[in-house]
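First up is the structure itself, then whatever we jot down about it.
The values are calculated or read from the model by the stated rules, or taken from the named source; none is laboratory data. Since the structure is predicted, the reported quantities are computational estimates derived from the model, not experimental observations. Cβ placement follows ideal geometry from the backbone for every residue including glycine, while neighbour counts extend to all protein chains displayed.
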Amino acid sequence: MKNRSNKHLRPKPYLTTQLINLMIFSGMLLCCDVSESFSNEASPEKVFSSVEERRLHATIQEEREIILEEKKAIALKEKELKTLEDAVDKKLAEIDKKLVELQNQTEELAELLDQKDVAELQKIQDLSKIYEKMDPAKAALALTGLDQKTAAEILAQMKVKAAAKILDSLSKQKATELSKTFSTIQRE
């Protein structure tokens with residue numbers, strides 16, 4: 001008897017196969033239903049089982065549209081940023097080029113100024129030799145016609161004895177002024 005009751009409890013093979021097929025088919029329907037709910041566009045034939053489901057579907061669609069618009073805006077901003085970055089890089093390259101040119105010009109100018117200073121010093125030395133050989137009274141008269149700085153530079157390049165004789169031949173006021181200018185030149 002026990003065998004008989006167990007026999008009745010065992011499922012029949014053809015029923016098991018039908019049950020499995022039914023479960024697979026319902027699972028496929030469920031998957032299709034889920035994939036439709038996640039599609040980009042809602043089909044007009046879509047039937048919702050509840051108002052809540054329809055509301056959720058509409059909210060998801062709205063959010064999806066907002067996200068797509070935000071992605072478009074971000075892509076546009078990234079493109080604008082790339083354009084601006086390229087423009088800034090180009091301007092920086094131009095600035096670097098101009099800085100190099102400016103440095104080269106500054107070096108050339110410094111070299112020219114050095115050459116000018118050397119030439120002026122040579123002229124002052126030549127003039128001082130001329131004034132040294134002149135009569136002190138005539139040299140004093142010639143120095144009074146020059147600006148004070150040039151006159152003081154000429155005196156600074158002369159031998160001390162010759163410069164003293166020329167200063168002695170100048171008026172007291174002019175000699176004082178030249179002495180003050182001479183002392184500032186010596187400090188520089």
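Scanning the range 167-176 for residues that are surrounded by 15 or more Cβ atoms within 10 Å (Cβ to Cβ) and not hydrophobic (A, V, I, L, M, F, W, C) gives 169, 174.
For the range 66-84, the criterion of being within 30 Å of residue 159 (Cα to Cα) and aliphatic (A, V, I, L, M) is met by none of the residues. Of everything in the range 33-63 that is touching an Asp or Glu at 6+ places or on another chain (Cβ under 9 Å) and in a helix (DSSP H, G or I), the residue that is modelled with the lowest pLDDT is 37.
Return the total of residues in the range 162-188 being in a helix (DSSP H, G or I) and more than 23 Å from residue 122 (Cβ to Cβ). So that I can check it myself, show each step before the final result.
Kept after step one, since they are in a helix (DSSP H, G or I), are these residues of the range 162-188: 162-169, 172-187.
Narrowing the set further to residues that are more than 23 Å from residue 122 (Cβ to Cβ) leaves 164-165, 167-169, 172-177, 179-180, 183.
Residues flagged as in a helix (DSSP H, G or I) and more than 23 Å from residue 122 (Cβ to Cβ) within the range 162-188 amount to 14.
Within the range 128-158, the set of residues being small (Gly, Ala, Ser) and not in a loop (DSSP other than H, G, I, E, B) comprises 128, 137, 139, 140, 142, 151, 152, 156.
Scanning the range 106-147 for residues that are crowded, with 17+ Cβ neighbours inside 10 Å, under 18 Å from residue 176 (Cα atoms) and of a type outside the set (A, V, I, L, M) yields one hit, 136.
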